[in-house]
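Visitor: Dropping a structure here in structure tokens format, bear with me for questions.
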Amino acid sequence: MRIAVSRVIPEVGLNLLREAGDVTVWEGELPPSRDELVRLAEGADGLLTLLTERVDGDLLDRLPSVRVVSNMAVGFDNIDVAACTERGVAVCTTPDVLTETTADLAFGLLLAVARRIPEGHNAVRAGAWRTWEPMGYLGPDVHGATLGIVGLGRIGQAVARRARGFNMRVLYHAPRRRPEVEEELGAEWRELDALLAESDFVSLHVPLNEQTRGMIGREQLRRMKPSAVLINTARGPVVQTDALLEAMEQGWIWGAGLDVTDPEPLPADHPLLRYPRVVVTPHIASASFTTRARMAELAARNLLAVLRGESPPRCLNP
Ligand code: DGY
């Protein structure tokens with residue numbers, strides 16, 4: 001079998017693929033352009049992609065031999081699943097293996113913004129630590145605060161479990177109430193507007209789709225407390241960037257921790273970065289050694305299972 005991989009991924013995944021077939025890997029540090037991807041994957045049976053590759057009908061029509069697209073990510077907004085299904089192409093993802101690592105980073109961002117860790121660090125590096133300041137670097141307490149989780153899937157639940165260790169009150173919003181999870185996590189369901197108004201921290205854990213694109217805009221940000229912090233480790237376009245900028249300008253919220261942005265990458269001169277209480281990381285929520293290796297392994301196993309006609313562990317379409 002012939003397999004194309006759109007970037008260098010952890011060895012464990014590449015080794016599994018190489019044992020099974022003829023593998024071509026895009027060695028560039030940046031993602032391949034569409035034409036480069038087509039050249040790389042010409043004649044391939046399986047394509048292992050990352051969230052940087054847009055997989056749509058046009059790409060699939062240029063790669064008619066491809067029977068499976070295995071995305072090394074839990075999110076799949078880069079893939080037109082309907083177009084794949086129409087062409088009989090299986091789509092696989094890597095859920096579960098990154099849940100805890102992503103929740104760690106969401107909590108890390110929450111602490112970083114609230115306790116002004118990057119600001120303090122930058123000041124020390126810049127030689128601006130002059131003395132102990134009774135009024136310097138004050139921020140909201142995390143312990144005992146109210147955390148609003150939007151989207152109580154696997155990662156949202158993992159964040160809720162961490163919040164319990166900080167003695168936080170946990171609210172959540174999801175389209176459907178989850179009584180079993182509410183009980184286990186001690187989480188209370190709220191309408192989105194109520195959650196935004198009551199929470200000291202709001203953390204987003206929804207997939208990007210038609211319903212969630214731009215779901216946090218001016219109206220939603222204005223409902224938040226001026227002391228509140230918004231955390232986004234989901235997908236950048238869930239938050240309207242201009243509205244977030246306005247929220248910081250107008251003091252509608254206190255700060256934001258963003259692992260994902262719109263656009264991505266966020267340009268270094270983007271006005272959001274002028275705000276010290278906006279902490280931005282470069283989409284690294286799943287970036288632990290172990291988790292990235294597990295993602296690569298699962299993506300490889302999914303791809304091989306489809307090509308071997310076995311039932312793949314994680315496939316979105318029949
Ligand atoms: C995903 O898996 O969707 C993340 O955004 C990258 O790990």
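The values are calculated or read from the model by the stated rules, or taken from the named source; none is laboratory data. Please read all numbers here as calculations on a predicted model, not as lab measurements. Because the Cβ atoms are built from the backbone with ideal geometry, glycine has one as well, and the counts that use them run over all protein chains shown.
Visitor: Which one is farthest from the ligand (Cβ to nearest atom), of the residues in the stretch 224-263 that are surrounded by 15 or more Cβ atoms within 10 Å (Cβ to Cβ) and among the acidic types (Asp, Glu)?
Guide: Per the criteria, the residue is Glu246.
Visitor: Continuing with the same structure: For the stretch 128-171, which positions are at positive phi and touching a strand residue (DSSP E or B) at 6+ places or on another chain (Cβ under 7 Å)?
Guide: Residue satisfying the conditions is Gly151 alone.
Visitor: Okay, moving on. Being within 14 Å of His173 (Cα to Cα) and acidic (Asp, Glu) narrows it down to one of Glu191, Glu219, so name that one.
Guide: Details: Glu219 fails: within 14 Å of His173 (Cα to Cα).
Residue meeting the stated conditions: Glu191.
Visitor: Report the residue count in the stretch 87-106 for those that are of a type outside the set (Val, Ile, Thr), away from the ligand (no atom under 16 Å from the Cβ) and surrounded by 22 or more Cβ atoms within 10 Å (Cβ to Cβ). Working first, answer last.
Guide: Keep residues of the stretch 87-106 that are of a type outside the set (Val, Ile, Thr), which gives 87-88, 90, 92, 95-96, 98, 100, 103-106.
Checking the rest, the ones that are also away from the ligand (no atom under 16 Å from the Cβ) come to 87-88, 90.
With the extra rule that they be surrounded by 22 or more Cβ atoms within 10 Å (Cβ to Cβ), the set shrinks to 90.
Number of matching residues: 1.
Visitor: Can you tell me which of Leu105, Leu109 is touching a Gly at 6+ places or on another chain (Cβ under 7 Å) and not in a loop (DSSP other than H, G, I, E, B)? If you could, list the steps in order and put the result at the bottom.
Guide: Details: Leu105 fails: touching a Gly at 6+ places or on another chain (Cβ under 7 Å).
That would be Leu109, the only listed residue that is touching a Gly at 6+ places or on another chain (Cβ under 7 Å) and not in a loop (DSSP other than H, G, I, E, B).
Visitor: Name the pairs whose Cβ atoms lie under 8 Å apart, with the first residue in the stretch 66-95 and outside any loop (DSSP other than H, G, I, E, B) and modelled with pLDDT of 95 or more, the second of a type in the set (S, T, N, Q) and away from the ligand (no atom under 16 Å from the Cβ), and 6 or more positions between them or separate chains?
Guide: Listed pairs, sorted by first residue: Val81/Asn317; Cys84/Asn317; Thr85/Asn317; Ala90/Asn317; Val91/Thr85; Val91/Asn317.
Residues are listed down the side, and each one gets a yes or a no for (1) surrounded by 18 or more Cβ atoms within 10 Å (Cβ to Cβ); (2) acidic (Asp, Glu); (3) assigned to a helix (DSSP H, G or I):
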| site | (1), (2), (3) |
| --- | --- |
| Gly214 | no, no, no |
| Glu219 | no, yes, yes |
| Arg222 | no, no, yes |
| Arg292 | yes, no, yes |
| Leu303 | yes, no, yes |
| Pro312 | yes, no, no |
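Visitor: Taking the criterion of being in a strand (DSSP E or B), among the aliphatic types (A, V, I, L, M) and within 23 Å of the chain's Cα centre (by Cα), would at least one residue in the stretch 30-47 satisfy it? Working first, answer last.
Guide: From the stretch 30-47, those in a strand (DSSP E or B) are 46-47; that's our starting set.
Filter once more, so that each one left must be among the aliphatic types (A, V, I, L, M): 47.
From what's left, within 23 Å of the chain's Cα centre (by Cα): 47.
Yes; the residues of the stretch 30-47 include at least one that is in a strand (DSSP E or B), among the aliphatic types (A, V, I, L, M) and within 23 Å of the chain's Cα centre (by Cα).
Visitor: Continuing with this model, one more query. Going through Phe166, Phe107 one at a time, which residue ends up being free of Cβ contacts under 8 Å to residues at least 40 places away in the same chain and within 26 Å of Leu185 (Cβ to Cβ)? Steps first, answer last, please.
Guide: Values: Phe107 fails: free of Cβ contacts under 8 Å to residues at least 40 places away in the same chain.
Checking each option against the conditions leaves just Phe166.
Visitor: Also, I was wondering about something else. I'd like to check something: does the stretch 58-67 contain any residue that is within 14 Å of the ligand (Cβ to nearest atom) and buried (at least 21 other Cβ atoms within 10 Å of the Cβ)? Step through it out loud before you land on a result.
Guide: Looking only at the stretch 58-67, we keep the residues that are within 14 Å of the ligand (Cβ to nearest atom), and these are none.
No: the stretch 58-67 contains no residue that is within 14 Å of the ligand (Cβ to nearest atom) and buried (at least 21 other Cβ atoms within 10 Å of the Cβ).
Visitor: Here's another thing I want to ask about it. Which numbered condition in (1) loosely packed, with under 15 Cβ neighbours inside 10 Å; (2) in a helix (DSSP H, G or I); (3) touching a Lys or Arg at 6+ places or on another chain (Cβ under 6 Å) is the only one that His121 fails?
Guide: It is condition (3) that His121 fails.
Visitor: Suppose the filter is in contact (Cβ under 8 Å) with a residue 12 or more places away in the chain, of a type in the set (Asp, Glu) and in the same structural domain as Glu119 (by TED's automatic domain parsing); does Glu264 pass it? Reasoning before the result, please.
Guide: Numbers: in contact (Cβ under 8 Å) with a residue 12 or more places away in the chain: yes; of a type in the set (Asp, Glu): yes; in the same structural domain as Glu119 (by TED's automatic domain parsing): yes.
Taking the combined requirement at face value, the residue satisfies it.
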